Amino acid sequence: MDALKKYVAEFIGTFVLVFFACGTAVVTGCSVDNGPAYLMTALAFGLVIVAMAYSIGNISGCHINPAVSIAMLVSGRMTVKDFIGYVIAQFLGAIAGAAALMAFVGKESGLGTNGLYNGDVLLSILIEVILTFVFVIAILGVTSKIENSAVAGLVIGLSLTLVHILGIYFTGTSVNPARSFGPALFVGGDALANVWVFIVAPLIGGVLAALVYKFLTSKPKGDK
């Protein structure tokens, strides 16, 4: 039952992320030329994390992102069983969030889908790996000490805002395979054809962040 509660929490959190944050991008007309909408979208992604961290964080840890979950798996902070359950819940939540958003704005709005930077797969993968690495290593750091629990949600939310402020220009910022897949599934076309980039790259970034953080915090043998 406790595991089911975690999965439901992850479903809800990812639903909220897609519906509110991708929805903000759609209704504000987020673009590089529209500065206020650009910043509002970046803030929306961060604020969703803050809201969810302080509501479901004590239940599931508020990953709401497979890239975060895979980093936790590599770091030894979760089991393979929970990882699978989390990822399934996250993808289902993202699909449900995109479906709900589509009911209001239609799939022609784009639903906040991601896109390749200048049509370049390699550059798009590179920027997503970098953005995800920064986001996830911040999460690993702030959640490594229990005394940070009171501010962890705020730090993680601001970190997500940070990577969006830069990343929206390049790819619309994924750093989250589920967040990218949900909207792309309904929009179809190039968005769905290229969504693999926004699944693979964030997962790579999450794994790299976990490995680097483990290296940085490891102690030489013999040290207490």
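Read the figures in this text as sums done on the coordinates, not as results from a lab. The structure presented is a predicted model; accordingly, all values stated were derived computationally and were not measured. Cβ placement follows ideal geometry from the backbone for every residue including glycine, while neighbour counts extend to all protein chains displayed.
Data for the structure
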quantity: At least 24 Å along the helix axis (C-alpha) and Kyte average at least 0.0, DSSP helices within the chain; calculated: 35-60, 80-105, 121-142, 149-171, 197-217
quantity: Of Ser124, Ser144, Ser109, the one that fluctuates the most in a GNM where the chain has Cα springs shorter than 10 Å; calculated: Ser144
quantity: Residue with peak Gaussian network fluctuation, the chain [Cα springs, cutoff 10 Å], from Val80, Val16, Val129; calculated: Val80
quantity: Extreme residue, positive dipole direction of the range 2-217, given options Ser31, Leu116, Val68 (C-beta unit charges); calculated: Val68
quantity: Surface/4 estimate of mean projected area, convex hull on alpha-carbon atoms of the range 2-217, nm²; calculated: 10.8
quantity: Qualifying lysines (Cα of each under 17 Å from Cα of Lys145; at least 8 residues distant if same chain); calculated: Lys214, Lys219
quantity: Local net charge near Tyr213, Cβ-Cβ under 15 Å (Lys/Arg +1, Asp/Glu -1); calculated: +4
quantity: Length added when fully stretched, Leu166-Asn118, from 0.36 nm per residue minus Cα-Cα; calculated: 15.7 nm
